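No value in this document is a laboratory result; all are computed from the given coordinates. Bear in mind that the values here come from a model prediction, so they are computed numbers and not experimental data. Here the Cβ positions follow ideal geometry from the backbone for every residue, glycine too, while neighbour counts run over all protein chains shown.
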Amino acid sequence: MSRRLIDSGSPFEREIAYSRAVVDGEWVFVSGTTGYDYASMTIAPDIAAQCDQAMRNIEHALHQAGASLEDVVKVTYLVPEAAEFPACWPVLRRYFGTIRPAATMMAVGLADPKMRIEIEVMARRHPSAAHR
């Protein structure tokens, strides 16, 4: 299986020279994804709404890669303010409640002060899903 690049249409990908996701065999690597709505290039002010949009963006990238959230094995959450992260927990339970991937949360600086969270995932497609 060859390497395939997934593009969301975000101008960030073109400007910074990266892909929203890379499919390499059974593995799907989704880049750090923020809460921007790529259709309108707008971002909500609060972390929970950004988390929800980021998860929808990730779901879309996984779908384009022939995978789904059920295939996610590792997730990394990056937030500028660790104290804000608990506001995301209900959103994350909605998306990952039964999947429960391995996870890490780090407090870091993000590229834009409007960004309250960035989420990166790794997924492993099941062999039967390789042709989705």
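Before moving on, here are some points about what is shown:
- Residue count, the range 108-132 (criterion: farther than 16 Å from T34 by Cα, of a type outside the set (A, V, I, L, M, F, W, C) and part of a loop (DSSP other than H, G, I, E, B)): 4
- Of all residues making up the range 1-51, the number that are closer than 16 Å to T76 by Cα and polar (S, T, N, Q): 4
- Residues that are hydrophobic (A, V, I, L, M, F, W, C) and closer than 16 Å to I58 by Cα, drawn from the range 1-34: L5, I6, F12, A21, V22, V23, W27, V28, F29, V30
- Which numbered condition Y38 misses (of (1) under 21 Å from R3 (Cβ atoms); (2) touching a Ser or Thr at 6+ places or on another chain (Cβ under 6 Å)): (1)
- Selection within the range 1-17 - under 14 Å from the mean Cα position of the chain (by Cα) and surrounded by fewer than 17 Cβ atoms within 10 Å (Cβ to Cβ): D7
- Flag for P113 being surrounded by fewer than 18 Cβ atoms within 10 Å (Cβ to Cβ), out of contact with any helix residue (DSSP H, G or I) (no Cβ under 7 Å at 6 or more places or on another chain), of a type outside the set (G, A, S) and over 18 Å from R4 (Cβ atoms): yes
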